[in-house]
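The values are calculated or read from the model by the stated rules, or taken from the named source; none is laboratory data. Fair warning: this is a prediction, and the values are worked out from it, not measured in the lab. Every residue, glycine as well, gets a Cβ built from its backbone with ideal geometry; the counts of neighbours run over all protein chains shown.
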Amino acid sequence: MMAALNEVCNTEMCKDESKPCPDSLFARYSTAAGQSNPAWRCYCMEALTADLAVYNETKQSDCVYEAEDKLQEVLKNCKFY
């Protein structure tokens, strides 16, 4: 499942050339700078904690892409066995 979510981040989110994409984006359900509510987003490695689990509140990186709708669509189509 995470591979499918990460793929969306690395293909779909990088189509918008107004914000250049890094080498890799990671899909995570977490917060972002100035946003206390968690949501599905695509994060650069620098925006995450060392274990890549959640947004790093200390760094306050802006290398975050809003992707709730796109990632929720992937989740709806995932089959859990």
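Data overview
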| item | result |
| --- | --- |
| Meets criteria (surrounded by fewer than 14 Cβ atoms within 10 Å (Cβ to Cβ), on the phi > 0 side of the Ramachandran plot and of a type outside the set (D, E, K, R)) for Gln72 | no |
| Any chance Cys44 is hydrophobic (A, V, I, L, M, F, W, C) and in contact with a Pro (Cβ under 7 Å, 6 or more places away or on another chain) | yes |
| Residue in the stretch 43-62 that is under 18 Å from Met1 (Cβ atoms), surrounded by fewer than 16 Cβ atoms within 10 Å (Cβ to Cβ) and without any contact (Cβ under 8 Å) to a residue 24 or more places away in the chain present | no |
| Residue satisfying all of: in the stretch 18-42; among the small types (Gly, Ala, Ser) and closer than 17 Å to Glu7 by Cα; modelled with the lowest pLDDT among these | Ser24 |
| Matching residues, the stretch 67-81, being within 18 Å of Cys14 (Cα to Cα) and not in a helix (DSSP H, G or I) | Ala67 |
| Qualifying positions in the stretch 7-42 - buried (at least 18 other Cβ atoms within 10 Å of the Cβ) and under 21 Å from Asn77 (Cβ atoms) | Val8, Cys9, Met13, Leu25, Phe26, Ala27, Arg28, Trp40, Arg41, Cys42 |
